[in-house]
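Quick notes on the structure that follows.
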Amino acid sequence: MMRSKAAQEATIQDPVCDDGAKEEQDISSSPLQPATFKGRLQMSDFMFKSTESSSGQTSPVRRSPRFTAPTISTSTPSVSAAKTKRTKELDAEDIEKEIKPKKKRARQASGYAPPSTYAHLNGLPDAIASNLLVLFIGLNPGIQTARTGHAYAHPSNLFWKLLYSSGLTPRLCSPTEDRQLPELYSMGFTNIVARPSRNGSELSKQEMDEGVEILHEKCRKYRPESVCVVGKSIWESIWRVRHGKPVGKTFKYGWQDESENMGVIESEWDGSKVFVSSSTSGLAATLSPAEKERIWAEIGTWAQKRRAERELEAKEESNSVFNSV
């Protein structure tokens, strides 16, 4: 049965039948129409319209679950959550430990070591001659000095550098030149204790005090014009033996009173003048490098002056002998 044209148009305008199914359309039997959404898509049908129930109450608006506020639980956190929190705290502690600089382990002070401890090491013979300008008195040979057989041989020891910077020597000498000091610059060295050790704390006060009289005997025999006591602890022993008490607050670096001269021979020789310098050991950090330089510069200035005077005296004596002939 053929439908009328009006029925077909009605069908196009209302594509949904009562039962909700789409009707078939014979597009080929209809004339071509301009493209349009009219009758097919009414935007107004998709716009929001509030609907009210017969009781006049507004129906609740449905909201997407994505925008729903999360439910806050008041129950006790789970074990896994507690573990996670603890893990984060541990991680934070590890990071803090990595950031904080590690403290250097303090060097433990060594105590007395008997001579047998370093019996396998040789001592260091004195470099000494008569009428020296300066005789240096050290503490005792260190390990490096005993192994090499040369005075103040450890790389951290400042002895040779201070000799040069103070003007005691006109050039920087090497530890291997220690035996030539008397001939080259009228300077020599000895020690208050002959046996080697790692540091001064391994020596006893008794053996240091016993070495004092030996030093006086060397001064009487070789008669150096001056002695340079290389370190406060050495002078403390010399003072303690002479005065029977600690030097205490009377201690000072530099030239000491004439009454402290060493190797005095009554009515014959006034003894060696005493100059107390800072220690040259790399472990001695009580004084700054600038303070050490200042102390050593004092005896360096004196030595340069006396060396020039000695050379002039020797020249005048030589001329006097020549003229007398």
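Bear in mind that the values in this text are calculations on the coordinates, not laboratory data. This is a predicted model, so every value here is computed, not measured. In this analysis, Cβ positions are derived from the backbone assuming ideal geometry, glycine residues included, and neighbour counts consider all displayed protein chains.
Across region 130-136, in residue order, what do the Karplus-derived ³J(HN,Hα) couplings come to in whole Hz, using 6.51 cos²θ - 1.76 cosθ + 1.60 with θ = phi - 60° and x for Gly and Pro?
Computed from phi, the couplings for region 130-136 are 6, 6, 5, 6, 9, 10, 7 Hz.
Give, in nm to one decimal, the length gained when the segment between Arg179 and Asp270 is fully stretched (0.36 nm per residue of separation minus the Cα-Cα distance). Could you put the intermediate results ahead of the total?
Numbers: separation 91, 0.36 × 91 = 32.76 nm, distance 2.75 nm.
This chain segment gains 30.0 nm when fully extended.
Work out the charge dipole of region 132-277 with +1 on the Cβ of Lys and Arg and -1 on the Cβ of Asp and Glu about the Cα centre, then indicate which of Phe189, Gln256, Asn199 is farthest towards its positive end.
Asn199
Give the distance, in whole Å, between the Cα centre of region 272-295 and the Cα centre of region 168-207.
14 Å
Give the Rg (one decimal place) followed by the Dmax (whole number) of region 145-213, computed from C-alpha coordinates and expressed in Å.
According to the Cα coordinates of region 145-213, Rg and Dmax are 13.6, 38 Å.
Pulled fully out, how much extra length does the chain show between Glu309 and Leu172, if you take 0.36 nm times their separation in residues and subtract their Cα-Cα distance?
Here the segment from Glu309 to Leu172 would lengthen by 47.0 nm.
How do Glu236, Glu266, Glu258 line up, fewest other C-beta atoms within 10 Å first?
Glu266, Glu258, Glu236
Along its principal axes, what span do the Cα atoms of region 172-325 show, with the longest given first and each in whole Å?
Principal extents (largest minus smallest coordinate, Cα): 59, 39, 30 Å.
Which value results for Rg/Rh of region 247-316 when Rg is the Cα radius of gyration and Rh the Kirkwood radius based on the inverse mean 1/r?
1.06
Compute the relative contact order of region 188-299 as a whole-number percentage, counting only Cα pairs closer than 8 Å that sit 6 or more residues apart in sequence.
Details: 129 pairs, mean separation 29.8, N = 112.
It rounds to 27 percent for region 188-299.
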